[in-house]
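Data block below; observations after.
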Amino acid sequence: MDRTGHFGGSLLLFYGILSVVGGGGDTAQTLALSLVAGAIAAAMSVSPDVDTGLGGIFHRTWITHSLTTVFIATGATYILFDDIFHAGPLSGYVTLAVLSATLSHVLLDSLTRKGVPLFGPFDEKMRGLKWFKSNSLVLNIIFLGAGLAAAAYYYGLIRF
């Protein structure tokens, strides 16, 4: 998956979860928090690929592409924002943003032909559906469109 698909996938997961669990944008505070956290989710969605500029030292290893990393990053974010910074409602939004960014990245890359070490470091086998090439223009645009549609739905710009 390329950057376009990862942006869309993280938005789809972030706003999809917000739409299902509530947290609707009914106040200026929730609108602002969800906008900022949605932007964080989209920006962070490519963070597992940051090492590609360094020759891909850790790329597609359990350090960047496993459920273990998703849980560690999400848990650490919650502890940091809730227990250390005492950030109030921001804690939940930022934690959801990190969960959405990391989990969507791992799941979307599991759709590609290389797969991911989903259960690393306990099992290094590359897993996934392995249906698509990472640079599939159609798939990347579909996920971007779905993510933008989820955001528009959450903010009441479109209804299904």
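Data table
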{"item": "Radius 14 Å from Cβ of Thr95, net charge of other residues (Lys, Arg +1; Asp, Glu -1)", "result": "-2"}
{"item": "In sequence order, calculated HN-Hα J values of the range 11-16 (Karplus, 6.51, -1.76, 1.60; Hz; x Gly/Pro)", "result": "5, 4, 5, 4, 6, x"}
{"item": "Phi-based couplings in Hz for the range 119-134 (Karplus 6.51, -1.76, 1.60; Gly and Pro marked x)", "result": "9, x, x, 6, 8, 8, 4, 6, 10, x, 6, 6, 8, 10, 7, 4"}
{"item": "Given (i) 0.99; (ii) 0.92; (iii) 0.96, the label whose value is Rg/Rh (Cα atoms, Kirkwood Rh) derived from this model", "result": "(i)"}
{"item": "Separation in nanometres of the label points that stand 7 Å from Cα toward Cβ, at Lys130 and Leu157", "result": "3.9 nm"}
{"item": "Residue order, fewest to most surrounding Cβ atoms within 10 angstrom, among His86, His105", "result": "His86, His105"}
{"item": "Footprinting exposure proxy for Ser34, Ser100 (fewest neighbouring C-beta atoms within 10 Å first)", "result": "Ser34, Ser100"}
{"item": "Fewest-first sequence of Thr68, Thr102 by Cβ atoms within 10 Å of each Cβ", "result": "Thr68, Thr102"}
{"item": "Derived scalar couplings ³J(HN,Hα) [the range 144-158; Karplus, 6.51 cos²θ - 1.76 cosθ + 1.60; whole Hz; x for Gly, Pro]", "result": "4, x, 5, x, 5, 5, 4, 5, 4, 5, 4, 8, x, 7, 9"}
{"item": "Within the chain, helix-based [θ] at 222 nm, where runs of 4 or more DSSP H residues each add -39,500 (n - 2.57), nearest 500", "result": "-18500 deg cm²/dmol"}
{"item": "Net lengthening on full extension, Phe119/Leu35 (0.36 nm per residue, minus Cα-Cα)", "result": "27.1 nm"}
{"item": "Amide proton proximity set for Phe132, modelled H, under 5 Å, gap of 5+", "result": "Thr112, Arg113"}
{"item": "Candidates Phe132, Phe58, Phe85, ranked by Gaussian network fluctuation over the chain, Cα under 10 Å, top entry", "result": "Phe85"}
{"item": "Charge context of Val116, other residues only, Cβ under 9 angstrom, K/R +1, D/E -1", "result": "+2"}
{"item": "Relative contact order, percent, the range 3-154 [alpha-carbon distance under 8 Å, six or more residues apart]", "result": "37 percent"}
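Since every read-out is calculated from the coordinates, none of them should be taken as a lab result. Everything quoted here is computed from the prediction, not taken from an experiment. Cβ coordinates were reconstructed from backbone atoms using ideal geometry, including for glycine residues, and neighbour counts include every protein chain displayed.
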